[in-house]
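Data block below; observations after.
The values are calculated or read from the model by the stated rules, or taken from the named source; none is laboratory data. Since the model is a prediction, treat every value here as computed from it, not as a measurement. In this analysis, Cβ positions are derived from the backbone assuming ideal geometry, glycine residues included, and neighbour counts consider all displayed protein chains. Surface accessibility is based on the protein's heavy atoms, side chains included, excluding ligands, DNA and RNA. Shrake-Rupley method; radii C 1.70, N 1.55, O 1.52, S 1.80 Å.
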Amino acid sequence: MQHQQGGGQTGQAPFFEDHMTNELWIALEDFGELSHVAAWCATRCASGGPELGRCARICQDLAEIAALNELLIARDSMFGPELATAFLRVADEGLPTLRQFQQRHPHVLETVATIERTMNSCESLLRRVGGGSRGRQGSGTGVGSTGSRGMQGMAERGRDGQGMSGQPRGGSEVIGQRY
């Protein structure tokens, strides 16, 4: 279905994927991978004895927050930056514990590497959307400076005033949109 876009152009309705930046794609993929790797690690740690109990809980927390971040990015939630910043905080606080076990447990080593890669892509994404990076040892600036539009703020830089989902802002009339 075709509809009229701003500027008098006629063409296909833009889709969410059409507005995905490299930073969004990378973060989406990294969060997806982390949710699986951290859940796998949590299972391995849970069956590895009581000394790995805290490691298992941290990995499960990271798996769940990564999955939530993946969902929020995929649906262009305005609360994405806030949860991405929360992920960074949880990862920052959990990494020292996980690093204690990485020498003796290869699954923890792989998880630590995946967490670090996801933190890097998350920080890059937050810088891109104007939220800055909270710095791994400093206080956060991500939540307060992203504004209420969150990752959707990137869409304001998009074409024709449309959001990343391709939907016009402010109106309830949607023609030719795919969900």
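Quick notes on this structure:
- The slack in the chain from Ala74 to Arg127, taken as 0.36 nm per residue of separation less the alpha-carbon distance, amounts to 17.2 nm.
- Counting heavy atoms of the protein chains alone, Ile73 has an accessible area of about 0 Å² for a 1.4 Å probe.
- Counting Lys and Arg as +1 and Asp and Glu as -1 over every other residue whose Cβ lies under 9 Å from the Cβ of Ser121, the net charge comes to -3.
- Candidate residues Met78, Met20: accessible-area rank, largest first, probe 1.4 Å: Met78, Met20
- Rounded to two decimals, the Cα-based Rg/Rh of the range 22-130, with Kirkwood Rh, is 0.99.
- The chymotrypsin sites (Phe, Trp or Tyr not before Pro) of the range 27-125 that meet both conditions, a loop assignment by DSSP and at most 16 other Cβ atoms within 10 Å of the site Cβ, are Phe79.
- Estimated at 0.36 nm per residue, the fully extended path between Glu29 and Arg54 surpasses their Cα-Cα distance by 6.4 nm.
- If only the Cβ of Lys and Arg carry +1 and only the Cβ of Asp and Glu carry -1, the dipole of the range 22-130 around its Cα centre is close to 280 debye.
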